[in-house]
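Worksheet: the structure to be examined is printed underneath.
Here, each number is a calculation from the coordinates, and none is a lab measurement. None of these values were measured; they are calculated from a predicted model.
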Amino acid sequence: MNETLQEDVVFTVTPVEGVTVKGVYNGETEITGATNIAIVGNKITIKAAYLATQEVGDLTLTIDFSDFTDLSAVIKIVDTTEGV
């Protein structure tokens, strides 16, 4: 992978008043750690370092909210080896 072409992916979600983001999951596994994810208010940043560890193709994440609702987000992972 070409690290100079890898970027963080940022989502801004707008849940109903009083509802917060509890976590983000890749399958059943919660994404944790400052090098992998940052959640500040309604802004979710999936870090390039985490994305670089994923297989090429569609990565479906689940955003879990405090009111027990979920939202799916899909990130397309591409091979940056040859400077796509």
- Task: Give me the aspartates and glutamates in straight-line cross-link reach of Lys43: C-alpha distance below 18 Å, same-chain residues under 8 apart excluded.
- Result: Glu7, Asp8, Glu17, Glu30, Asp64, Asp67, Asp70
- Fully extended contour minus Cα-Cα distance, from Lys43 to Leu5, at 0.36 nm per residue: 11.5 nm
- Item | Amide H within-cut-off set for Lys22, under 5 Å, with H built and near neighbours excluded | Asp64, Phe65, Ser66
- Using θ = phi - 60° and Karplus 6.51 cos²θ - 1.76 cosθ + 1.60, couplings along region 22-38 (whole Hz; Gly, Pro as x): 8, x, 10, 10, 10, x, 8, 9, 6, 7, 9, x, 4, 7, 10, 7, 9
- In whole Hz, with x marking every Gly and Pro, tabulate ³J(HN,Hα) for region 2-10 from phi via Karplus 6.51 cos²θ - 1.76 cosθ + 1.60, θ = phi - 60°. 8, 4, 5, 9, 8, 9, 5, 10, 10
- Rounded to whole Å, √(5λ) for the Cα gyration tensor eigenvalues of the chain, largest first, gives 25, 12, 11
